[in-house]
Amino acid sequence: MKYFGTDGFRGEANKVLTADHAYQIGRYLGWYYSREHRGRIVIGKDTRRSSYMLEYALVAGLTASGADAFMLHVTTTPSVAYVVRTEDFDCGIMVSASHNPYYDNGIKVLDGNGHKIAAEIENAMEQYIDGEGEAIPLAVREDIGTAVDYAIGRNRYIGYLISLATRSYKNMRVGLDCSNGSTFMIAKSVFDALGAKTYVIGNEPDGLNINENCGSTHIENLKRLVLEKQLDVGFAFDGDADRCIAVDETGMEVHGDYILYVCGRYLKENNRLDGNTVVTTVMSNMGLFKALDKVGIDYEKTTVGDKYVNETMVANGYVLGGEQSGHIIFSKHATTGDGILTALMLMEVILEKKQSLHTLAAKMKMYPQLLVNVKVADRREAIENPKVQEEYQRITDVLGDDGRILLRESGTEPVVRVMVEAETDELCQQYVDEMVDVIRGEGLEVG
């Protein structure tokens with residue numbers, strides 16, 4: 001793919017991803033979904049300054065091709081997925097670069113079922129952007145599409161989230177870090193409606209401060225809030241709210257691996273873990289796998305990327321999967337990772353089990369982990385080098401059941417990722433250094 005990666009078309013606004021690109025994507029999708037009927041396409045955006053520019057360019061392209069554009073305005077990625085699958089839309093578009101800084105942006109396209117759009121449609125859009133293939137006609141007269149304010153769709157999504165709660169949150173003191181992003185008007189509404197006493201930070205977006213020293217990538221702010229206000233729990237979201245990282249009452253970070261363990265165990269106890277399996281990526285901590293083994297839960301590891309986690313879940317009917325980053329999918333309730341939904345699911349466990357998040361998460365021991373990126377000329381050549389493979393096997397044998405080493409090509413950078421988990425930080429450092437020394441010794445490192 002030239003433009004579209006595992007998470008849509010993403011890059012610096014007006015450098016990599018321009019208003020012209022957005023217009024062309026709108027033109028193609030508007031035509032594609034209006035071939036047999038007038039296309040209905042719903043659009044959401046996050047709080048970046050460039051999101052408005054890209055949204056309007058998409059609307060211009062869609063309506064110029066004869067489709068109707070329904071605007072949710074500032075909202076979350078999972079809300080777009082919810083609306084598109086429950087309200088008879090042909091597809092959904094989210095303008096966001098998720099956890100990236102404000103100057104980046106992205107365009108994610110979802111199909112009518114709320115899943116990421118098929119690769120062949122992305123390929124066709126790329127060809128259209130590059131001026132290849134047949135020209136797409138402009139709609140004229142009454143065939144020109146309309147643009148519709150559809151904020152009501154966002155409100156229905158909020159109502160849906162509230163309906164999922166099994167208990168009142170009365171007497172629960174909850175911290176929320178909205179990352180100056182999509183949840184700044186949504187998260188507090190949900191928790192307030194359920195009766196929680198909420199304390200909110202990162203809820204004053206100005207177009208330039210999304211994810212800036214706040215949200216799921218800067219958890220220290222939420223830790224401070226939880227400790228200062230003596231809260232029961234805290235939840236931090238990223239820019240488009242498809243991720244959630246929690247903080248327990250002691251200030252400990254409860255990332256995606258902990259969440260998979262806590263929720264997976266709870267679902268199993270309640271006979272709701274279909275297939276008795278949790279889907280993770282290869283980057284999940286070894287401590288998660290050992291903890292799942294201990295309670296008799298199976299797991300499947302996928303390539304890094306929520307797209308691959310979701311594909312495995314859909315193919316096998318699994319109900320829980322995700323990544324350490326806090327991108328968690330509860331497929332009974334959503335087709336994408338949903339940060340607020342994840343927070344609600346954790347609240348269900350806390351309230352139903354009558355245990356604090358710290359108590360629930362403490363049953364899983366995290367292994368120390370060290371990840372180093374090595375810049376190389378050819379990622380595949382570096383990993384397949386005989387001496388590198390020999391060293392990889394040696395370290396694997398030495399670690400045995402008490403650790404592991406992982407070599408992985410980055411999907412976005414010219415680097416090989418060397419990751420070691422072991423019983424101590426010193427062992428992690430030792431084996432990472434030994435692996436990197438071999439890569440350098442073979443002349444594979446550049447720069």
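Taking region 210-317 and the strands (runs of 3 or more DSSP E) fully enclosed by it, the elements with 1 or more residues that are within 20 Å of His358 (Cα to Cα) are at 233-237, 244-247.
Checking each residue in region 45-60 for being among the basic types (Lys, Arg) and outside any loop (DSSP other than H, G, I, E, B) picks out Lys45, Arg49. May I ask you to verify whether Ala69 is not charged (D, E, K, R) and not in a strand (DSSP E or B)? Against the criterion (not charged (D, E, K, R) and not in a strand (DSSP E or B)), Ala69 does not qualify.
Per this entry, Ala291 is not counted among residues that are in contact with a Pro (Cβ under 8 Å, 6 or more places away or on another chain), in the same structural domain as Lys307 (by TED's automatic domain parsing) and of a type in the set (A, V, I, L, M, F, W, C). Each residue in region 267-287 was checked for being over 22 Å from Val314 (Cβ atoms) and not aliphatic (A, V, I, L, M), and 4 pass. Residue count for region 13-60 under the criterion of being surrounded by 21 or more Cβ atoms within 10 Å (Cβ to Cβ), among the small types (Gly, Ala, Ser) and more than 24 Å from the chain's Cα centre (by Cα): the result is 4. Scanning region 78-106 for residues that are over 19 Å from Met125 (Cβ atoms), at pLDDT 95 or above and either of a type in the set (Ser, Thr, Tyr) or not assigned by TED's automatic domain parsing to the domain that holds Arg49 (or both) yields Ser79, Tyr82, Thr86, Tyr102, Tyr103.
For Ala69, the criteria (1) within 18 Å of Met125 (Cβ to Cβ); (2) touching an Asp or Glu at 6+ places or on another chain (Cβ under 6 Å) hold in every case but one, which is (2). Check whether at least one residue in region 382-397 is surrounded by 15 or more Cβ atoms within 10 Å (Cβ to Cβ) and outside any helix (DSSP H, G or I), and report yes or no. Within region 382-397, one or more residues are surrounded by 15 or more Cβ atoms within 10 Å (Cβ to Cβ) and outside any helix (DSSP H, G or I).
Kindly establish whether Ile210 is at pLDDT 95 or above, over 20 Å from Asn180 (Cβ atoms) and not small (Gly, Ala, Ser). The answer is no for Ile210. In the set Leu357, Leu371, Leu344, only one residue is of a type in the set (A, V, I, L, M, F, W, C), within 28 Å of Asp177 (Cβ to Cβ) and modelled with pLDDT under 95; that residue is Leu371.
Of the residues contained in region 67-76, none is found to be out of contact with any Gly (no Cβ under 9 Å at 6 or more places or on another chain), in the same structural domain as Glu126 (by TED's automatic domain parsing) and touching a residue at least 12 places away in the same chain (Cβ under 8 Å).
Checking the structure you have, find out if any residue of region 419-429 is touching a residue at least 60 places away in the same chain (Cβ under 8 Å), in contact with a Gly (Cβ under 6 Å, 6 or more places away or on another chain) and more than 13 Å from Glu390 (Cα to Cα). Yes, region 419-429 contains at least one residue that is touching a residue at least 60 places away in the same chain (Cβ under 8 Å), in contact with a Gly (Cβ under 6 Å, 6 or more places away or on another chain) and more than 13 Å from Glu390 (Cα to Cα). With respect to the conditions (1) assigned to a helix (DSSP H, G or I); (2) over 29 Å from the mean Cα position of the chain (by Cα), Met347 lacks only one, and its number is (2). For region 218-258, filtered to residues that are farther than 27 Å from Thr47 by Cα and in contact with a Ser or Thr (Cβ under 9 Å, 6 or more places away or on another chain), the residue that is surrounded by the fewest Cβ atoms within 10 Å (Cβ to Cβ) is Thr250.
The values are calculated or read from the model by the stated rules, or taken from the named source; none is laboratory data. Model, not experiment: these values are computed from the prediction. Note that each Cβ is placed from the backbone with ideal geometry, even for glycine, and that neighbours are counted across all protein chains shown.
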